[in-house]
1. Can you give the accessible area per residue of the chain, in Å², using a 1.4 Å probe?
2. Relative contact order, percent, of the chain when contacts are C-alpha pairs under 8 Å separated by at least 6 residues?
3. If I stretch the segment between residue 1 and residue 65 completely, what's the gain in nm (0.36 nm per residue apart, minus their alpha carbon distance), one decimal?
4. First compute the accessible area of the chain with a 1.4 Å probe, then give the percent of it belonging to carbon and sulfur atoms.
5. Please determine, in degrees from 0 to 90 and to the nearest 10, the orientation of helix 121-133 with respect to the longest principal axis defined by the Cα atoms of the chain, where the helix direction is its Cα long axis.
6. How would 20, 86, 69, 91 rank on accessible area, largest to smallest, probe 1.4 Å?
7. For residue 26 and residue 126 in the same chain, what is the full-extension length gain: residue separation times 0.36 nm, less their Cα-Cα distance, in nm?
8. Using only the alpha-carbon atoms of region 1-57 as identical scatterers, what base-10 log of I(q)/I(0) does the Debye formula give at q = 0.19, 0.23, 0.25 Å⁻¹?
Amino acid sequence: MIELVAVLAGGLMGWWLLRRKARQRASSAAQGHSIKVPCLLRHPSFEGRWLRGRMVIGPSTMTWEPRARAGAAVSLPTGLQQVSQRSPSLREAMKINGGSKIIECTSSEGAVLIAVMPNELGYILAALSSVGTE
């Protein structure tokens, strides 16, 4: 019984922390501040490999901030434009969160995939449309 209460309390605490961070991000975005959206990036130079990191989205800019040394040499290619949006395939869902959404983009270097959770999808799509029009 004690284990059940501990697991339930831990789950509620995790859910509360995630919701709090999402609310803070939404508030910062509404005020026009830069926000960091957690996501995975599949860059043409790292074919077949998903890189963990964050998209730093400002009022008129979008940059990549890696979370590991593997993605440190990677930057977003020029001419990044959204082509489509889809759910991950079964094979991709083994490597990334199956509940995420994948944004397929074209760029000067080739195809770029961005995997993001559905509640953060709007930030990336808005940034892609604003960066693509400039």
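The values are calculated or read from the model by the stated rules, or taken from the named source; none is laboratory data. Keep in mind that what you see is a predicted model, and the values were worked out from it rather than measured. To get the accessible areas, we keep the full protein, side chains included, count just its heavy atoms, and leave off ligands, DNA and RNA. Shrake-Rupley method; radii C 1.70, N 1.55, O 1.52, S 1.80 Å.
1. Here the per-residue accessible area is 62 Å².
2. Computed over the chain, the figure is 20 percent.
3. Full-extension gain reported as 18.7 nm.
4. 59 percent
5. 10 degrees
6. So, going from the largest accessible area down, we get 69, 91, 20, 86.
7. 34.7 nm
8. -0.79, -0.88, -0.93
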